[in-house]
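The values are calculated or read from the model by the stated rules, or taken from the named source; none is laboratory data. Here the structure is a predicted model, which means the values were calculated and not measured. All Cβ positions, even for glycine, are placed from backbone atoms using ideal geometry, and neighbour counts span all protein chains on display. Side chains are part of the model used for accessible areas, which takes the heavy atoms of the whole protein and leaves out ligands, DNA and RNA. Shrake-Rupley method; radii C 1.70, N 1.55, O 1.52, S 1.80 Å.
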Amino acid sequence: MGGVLAFFLILVIAIAFLMFLIIKANMHPVLSLLFVGLFAGIAMGFTPIKSVKLITEGFGGTLQNVGIPIMLGAVLAMGIRDTGAAKSIANFFIRLFRGKNLELAPSLTAYIVSIPVFGDITTVLTANIASVLSARKGISMSTMAAFTELGLNLTHAAVPPTPGILAVALMLGADLGLTIIWGIVVTFIAFLISWLLLKRWTEKEKIDPIPDFVKGIQRVESNNIEDLMIKGETLPNAFESLLPILIPVFLIATSSLTNIYLPEQNTIRNIFAFLGDKVIAMLLGVIYTMFLGIKYKGSVISSNREFSENNKGNTNPSNSIKDILLNSWISRGLYIALPALLITGMGGAFSNIIKSAPAVEDIASYAVKIPIPHVLIPFFLGVIMMTAVGSMTTAGLTAASLVIPMLPALGLSPVAATLAIGAGTLAINHVNNSGFWVTTQFFHLNTKQGLKYITVPGIVGALACIAVILVINVIGLI
């Protein structure tokens with residue numbers, strides 16, 4: 001027992017140290033995680049050389065699993081932006097809801113786009129949509145922010161191939177396809193529950209969109225769908241726009257299902273085992289998006305030029321569609337992917353220190369004695385880590401490193417544990433998370449409003465998720 005208590009004491013000190021370095025010292029999370037990992041390793045009894053070795057192995061092992069999908073996801077994001085696919089998806093929801101409950105347009109757009117695309121990029125992609133619809137119908141940005149960020153974070157937390165939950169699933173040995181399928185089921189139900197519970201509350205405070213986002217946008221009193229549509233350059237249709245996201249999700253999920261229901265030597269199973277590999281599935285999504293870029297090259301050239309003007313030095317404002325697809329998208333994507341790659345890798349390094357500690361093996365015997373449903377244990381670990389470190393990826397990887405030795409004793413499937421951790425990392429999204437500040441900036445919220453309309457919906461969404469997970473776990477579906 002003494003070893004376990006010492007372990008948790010060191011972990012608390014390490015996380016407090018990490019928060020100090022990131023928030024107070026304003027140190028980049030990558031270097032902060034490196035320093036804290038070294039401290040934790042030495043404090044837990046490893047030699048300095050062993051600590052460095054564990055960090056190196058954890059960093060390399062994590063990037064080996066998720067590095068290429070992260071890079072491909074970033075390139076995919078450039079395509080979704082430049083082709084106008086995000087706007088087209090929003091228009092699809094405007095039509096679907098017949099011009100009513102328009103906060104669902106950017107929210108469900110974010111819910112879908114965030115599956116392969118980084119959260120901060122999705123926030124930027126959907127903020128303009130939310131602002132335009134806010135101005136058109138007089139919907140408060142408090143409502144837009146609450147549900148757009150909730151939709152984004154739900155899939156970011158629990159649906160691969162988002163990097164964080166992808167890494168957690170691989171660490172725990174969870175089947176990726178089943179994690180995607182059940183992750184979508186759980187998060188969509190949680191979104192609907194949260195929307196029904198919070199909609200009236202978010203409407204009580206009137207917050208206007210950023211003026212620069214809505215120049216020339218006139219208020220529309222009617223529910224005429226054509227008046228509400230996001231127009232401008234030629235946009236792909238909804239099906240074309242959804243395919244960059246649906247292709248990798250479909251292939252990975254189908255691979256898992258054929259793996260379950262077809263015999264090992266079956267040709268169809270082997271074909272989908274290849275197509276459903278996370279790298280191949282994401283690559284096919286990128287290739288399709290490039291063909292979409294060729295079809296809508298006017299929009300792509302215009303959007304690339306706009307990006308170049310706003311981010312001088314990061315890309316070349318080329319008018320050649322070939323150069324944009326094969327060079328600009330990739331260079332822009334890699335520029336955005338680099339921080340996520342390094343943070344994810346270093347988060348894996350930190351978690352490798354934790355899961356290698358001798359005391360971790362003893363934690364399971366104490367955890368199973370806690371008189372609560374066992375699926376709540378990985379959930380609460382996710383909540384604690386997210387509250388402390390402010391990064392879903394780091395929080396999930398750290399929680400997973402603690403859950404790995406517990407799985408046999410807890411009697412949980414890897415899919416159930418993965419989703420429970422993901423649900424936990426959805427909660428307590430606050431000031432130590434960079435995504436919190438990106439959202440407040442683009443949705444015109446001050447810090448107090450951010451805590452109300454980002455943090456609170458995240459807590460409600462997390463509780464709704466774990467409630468659904470608990471039910472399907474008790475039934476025996478996961």
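Could you tell me which of rounded, prolate or oblate describes the stretch 327-387, using a ≥ b ≥ c as the square roots of the eigenvalues of the alpha-carbon gyration tensor, with rounded for a/c under 1.5 and, failing that, prolate when a/b is larger than b/c and oblate otherwise?
It comes out prolate by the Cα gyration axes.
Answer rounded, prolate or oblate for the stretch 7-74, using the Cα gyration tensor with square roots of eigenvalues a ≥ b ≥ c: rounded when a/c is under 1.5, else prolate when a/b is larger than b/c, else oblate.
It is oblate, given that a/c is not under 1.5 and a/b is not larger than b/c.
How high is the FRET efficiency from Lys231 to Leu5, r the C-beta distance, R0 60 Å, rounded to 0.05?
Details: r = 62 Å, r/R0 = 1.03.
Here the calculated transfer efficiency is 0.45.
In percent, how large is the relative contact order of the chain, given Cα pairs closer than 8 Å and 6 or more residues apart?
Reported as a whole number, the value is 24 percent.
Can you tell me the 0 to 90 degree angle between the C-alpha axis of helix 392-403 and the longest principal axis of the chain, rounded to 10?
30 degrees
When every alpha-carbon pair in the stretch 93-192 is counted, what percent end up more than 22 Å apart?
30 percent
Quick one: angle between helix 163-172 and the longest Cα principal axis of the chain, in degrees between 0 and 90, rounded to 10, please.
Taking the Cα atoms of the chain, the angle to 163-172 is about 30 degrees.
Can you tell me the accessible area per residue over the stretch 252-364, all protein chains present, probe 1.4 angstrom, in square angstrom? All intermediate terms of the calculation are to be shown ahead of the outcome.
On the way: 5540 Å² over 113 residues.
Roughly 49 Å² per residue, with all protein chains present.
Ignoring GluC sites (Glu not before Pro) that are buried or in helix or strand per DSSP, and keeping those with at most 11 other beta carbon atoms within 10 Å, what is the longest stretch of the chain between them?
Details: sites that count: Glu221, Glu264.
Here the longest segment lacking exposed loop sites spans 1-220.
Taking the full set of protein chains and a 1.4 angstrom probe, give the accessible area of Met392 in square angstrom, rounded to the nearest 10.
20 Å²
Strictly over 29 Å apart at the Cα level, which of Lys87/Lys206; Lys199/Lys369; Lys137/Lys278; Lys24/Lys355; Lys100/Lys206 would you flag in this model?
Beyond 29 Å between Cα atoms: Lys199/Lys369; Lys137/Lys278.
On the protein heavy atoms, probe 1.4 angstrom, tell me the percent of accessible surface of the chain carried by carbon and sulfur.
On the way: 12630 of 19240 Å².
Answer for the chain is 66 percent, counting heavy atoms of protein chains only.
Give me the angle, in degrees from 0 to 90, between the Cα long axis of helix 456-475 and the longest principal axis of the Cα atoms of the chain, rounded to the nearest 10.
60 degrees
What is the ratio of the Cα radius of gyration of the stretch 51-134 to 2.2 N^0.38 Å, where N is its residue count, to two decimals?
Relative to the rule-of-thumb radius for its length, the stretch 51-134 sits at 1.44.
Express the accessible area of the stretch 189-232 per residue in Å², computed with a 1.4 Å probe while the remaining protein chains stay in the model.
On the way: 3010 Å² over 44 residues.
Here the per-residue accessible area is 68 Å².
Roughly how many Å² is the accessible area per residue of the stretch 65-115, as a whole number, for a 1.4 Å probe?
For the stretch 65-115, the per-residue accessible area is 25 Å².
Is the shape of the stretch 183-294 best called rounded, prolate or oblate, per the rule: a/c under 1.5 gives rounded, else a/b larger than b/c gives prolate, else oblate, with a ≥ b ≥ c the square roots of the Cα gyration tensor eigenvalues?
Because a/c hits 1.5 or more and a/b fails to exceed b/c, the stretch 183-294 counts as oblate.
Taking θ as phi - 60°, what are the ³J(HN,Hα) couplings along the stretch 239-248 by the Karplus curve (6.51, -1.76, 1.60), each to the nearest whole Hz, with x for Gly and Pro?
Each residue's phi maps through the Karplus curve to give 5, 4, 6, 7, 4, x, 8, 6, 4, x Hz.
So what's the Cα pair-distance distribution over the stretch 252-396, bin width 10 Å, in %?
9, 21, 21, 28, 15, 6, 0
The chain: D in µm²/s via Stokes-Einstein (Kirkwood Rh, Cα pairs, 37 °C, 0.692 mPa s)?
144 µm²/s
Determine ³J(HN,Hα), in whole Hz, for all residues of the stretch 278-290 in sequence, where each value follows from phi through the Karplus function 6.51 cos²θ - 1.76 cosθ + 1.60 and θ = phi - 60°; x replaces Gly and Pro.
Per residue, the Karplus-derived 3J(HN,Hα) values read 4, 6, 5, 4, 5, 5, 5, x, 5, 4, 4, 5, 5 Hz.
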